[in-house]
Amino acid sequence: MKNVFLSVLTMLIAVTFFSCGDDNEKDELLGGMPENLIGTWSAIKDEGHEVFFGEKDSWNKTYKEGEEIIIFKSDGTCTDGIDTGIWSYEGNKLTIDFGDDSTNGDDSDLHVYTILELTDSRLVIEILEKEGGNEFYQKLTCKKMKE
């Protein structure tokens, strides 16, 4: 029985090492960039809340395909159809910087999203920002549009 257990354990370890090696090689070829993020994404659901000076405002909105989009390009730039910015990816974090946001007095419109799901056709990201007693949470589900 002990030999069977050791044989199974050895096979599991070998499979784990081989599968991790393929992922690492792919990440190195892409410079750590997720290949399936590149393209045009259409928001299909936007949900979240904002707490501002103790008052909470929540939303749960669905969109028609193509109504709200963001395009990620392989050169590290992105656009939402109005503004152009830069994006980067590390681990499960997607950082998007649309630069100067003079509408709210900030010198940067930088947001760090956590990627909850990324497939060839679906992207789900969320963000939670807190400052003082204020809070912003958003979960955005997107569908990849056909090129």
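No lab work stands behind these numbers, since they all come straight from the coordinates. Just so you know, these numbers come straight off a predicted model, no measurement behind them. Glycine also receives a Cβ, built like all others from the backbone with ideal geometry; neighbour counts cover every protein chain displayed.
One table, with the values for the structure above:
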| read-out | value |
| --- | --- |
| Test item: Cα-centred dipole of the stretch 31-101, Lys/Arg +1 and Asp/Glu -1 on Cβ, debye | 280 debye |
| Over 20 Å between alpha carbons, listed pairs K73/K130; K73/K146; K64/K146; K45/K130; K93/K146 | K73/K130; K45/K130; K93/K146 |
| Estimated distance in nm for a label pair at T114 and F52, the labels positioned 7 Å out from Cα along Cα-to-Cβ | 2.5 nm |
| Gained length - E131 relative to K143, 0.36 nm times residue gap less alpha-carbon distance | 1.2 nm |
| Length released on extending from K45 to K61, taking residue separation times 0.36 nm less the Cα-Cα span | 5.2 nm |
| Lys/Arg +1, Asp/Glu -1 at C-beta; the stretch 58-147 dipole; positive extreme among G132, F72, M145 | M145 |
